[in-house]
Amino acid sequence: MEQFQSGKDYVAGDDLLQAVNIAMALQKPLLIKGEPGTGKTVLAQAIADFFGKELLVWNIKSTTKAESGLYVYDVVQRLYDSQLGVNGVDQIERYVRLGTLGQAFSSEQQVVLLIDEIDKADLEFPNDLLWELDRMEFHISETGKTVAAKHRPVVIITSNAEKELPDAFLRRCVFHYIEFPDRDLMEQIIRAHYPELDNQLLQQALKIFYQIRNLNGLQKKPGTSEVLDWICALQISGAELDLKKNPLPFTGVLLKKNEDLNTLAKNFQGA
């Protein structure tokens, strides 16, 4: 079995790479947690790109129900068509649409399925998926048919730990917590996105970025996406990071709360 590896667009630590490959070998969902900005969501895209597979994304909201990921029976449209005398109203299959999980099961090729932010749904949501994720099949009661997976999808599940997930669900997953990248790994990540970046600018930006992350009292620490955007802004503008001559530029790219900007202004010591 081919092993997932870091690529030019996605750089991961060895422990994360091992977690992905073990989950794929065991054919179990990979449950990913980590603070915002650690690359949880883009991991699924990186896996899909690496193996040349289609990515299907199921974005979970507070109102999402498990059955909506399996299929939706459009009874309203069927009633509307019957009132208009449309032919084929008796063919219930015409009014059954597969959800994201159903599409993953019915795909002719193996796909990567991202169930994003599962902890946003109600507490019963993960339990409602246990059977489907275990057996890789589900029943459509309106038609009496069972949809079985033609190929077991590579399932990546992300959580921001807003709610605790049920033990029964956790037992069926391989779990990995993505630690925030240290300076060496962050340098690799930035180089992957900006291979021609001036080394002096990179080193200055990294030093300042980690100083800001270490400030006490920040409500939302800047993450990987923020530092990438910040470096892009610095490149576009040609701004310098010499704090002896200039104030820190584009702080609103790194910090997104007034309180954090105030904390930065009061406590930041410079490079």
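The values are calculated or read from the model by the stated rules, or taken from the named source; none is laboratory data. Predicted, not measured: the structure shown is a model, and the values here were computed from it. A quick note on method: Cβ atoms are made from the backbone with ideal geometry, for glycine too, and the neighbour counts reach across all protein chains shown. Side chains are part of the model used for accessible areas, which takes the heavy atoms of the whole protein and leaves out ligands, DNA and RNA. Shrake-Rupley method; radii C 1.70, N 1.55, O 1.52, S 1.80 Å.
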Going through the range 5-16 in order, the residues found to be assigned to a loop (DSSP other than H, G, I, E, B) and either closer than 18 Å to Thr158 by Cα or open to solvent by less than 100 Å² (accessible area, probe 1.4 Å) (or both) are Ser6, Gly7, Tyr10, Val11, Ala12, Gly13
Those strands (runs of 3 or more DSSP E) lying entirely in the range 118-201 with at least 2 residues of a type outside the set (A, V, I, L, M, F, W, C) and open to solvent by less than 30 Å² (accessible area, probe 1.4 Å): 154-159
Checklist (1) of a type outside the set (S, T, N, Q); (2) in a loop (DSSP other than H, G, I, E, B); (3) over 24 Å from Asn160 (Cβ atoms) applied to Leu218, failing item: (3)
Filter the range 38-61 down to residues that are open to solvent by 20 Å² or more (accessible area, probe 1.4 Å), hydrophobic (A, V, I, L, M, F, W, C) and more than 24 Å from Asp128 (Cα to Cα), then give me how many there are. 3
Within the range 179-186, identify whether any single residue is within 24 Å of Val42 (Cβ to Cβ) and touching a Leu at 6+ places or on another chain (Cβ under 7 Å), and answer yes or no. yes
Of these, Tyr71, Tyr95, which one is buried (at least 17 other Cβ atoms within 10 Å of the Cβ), among the hydroxyl-bearing types (Ser, Thr, Tyr) and over 30 Å from Val20 (Cα atoms)? Tyr95
Assess whether Ala205 counts as being among the small types (Gly, Ala, Ser), surrounded by 15 or more Cβ atoms within 10 Å (Cβ to Cβ) and closer than 20 Å to Leu16 by Cβ. no
May I ask you to list the residues in the range 17-42 that are modelled with pLDDT of 95 or more and in a helix (DSSP H, G or I)? Leu17, Gln18, Ala19, Val20, Asn21, Ile22, Ala23, Met24, Ala25, Leu26
I'm trying to understand the selection: among the residues of the range 52-90, which are part of a strand (DSSP E or B), in contact (Cβ under 8 Å) with a residue 40 or more places away in the chain and within 15 Å of Glu142 (Cα to Cα)? Tyr71, Tyr73
Spot the failing condition for Ala104; the list is (1) open to solvent by 20 Å² or more (accessible area, probe 1.4 Å); (2) of a type outside the set (Lys, Arg); (3) touching a Leu at 6+ places or on another chain (Cβ under 6 Å), and only one is missed. (1)
Going by what's in this entry, would Tyr80 be described as surrounded by fewer than 19 Cβ atoms within 10 Å (Cβ to Cβ), under 25 Å from Trp131 (Cα atoms) and of a type in the set (Phe, Trp, Tyr)? no
Going by the structure shown, is Gly252 among the small types (Gly, Ala, Ser) and either in contact with a helix residue (DSSP H, G or I) (Cβ under 8 Å, 6 or more places away or on another chain) or modelled with pLDDT of 90 or more (or both)? yes
Test Ile190 against the criterion of being of a type in the set (A, V, I, L, M), within 19 Å of Lys221 (Cβ to Cβ) and in contact with a helix residue (DSSP H, G or I) (Cβ under 8 Å, 6 or more places away or on another chain), and give yes or no. yes
Of all residues in the range 208-243 being under 20 Å from Glu179 (Cβ atoms) and among the hydroxyl-bearing types (Ser, Thr, Tyr), which is least open to solvent (accessible area, probe 1.4 Å)? Thr224
May I ask you to say which residue of Glu35, Glu2 is exposed (fewer than 12 other Cβ atoms within 10 Å of the Cβ) and of a type outside the set (Ser, Thr, Tyr)? Glu2
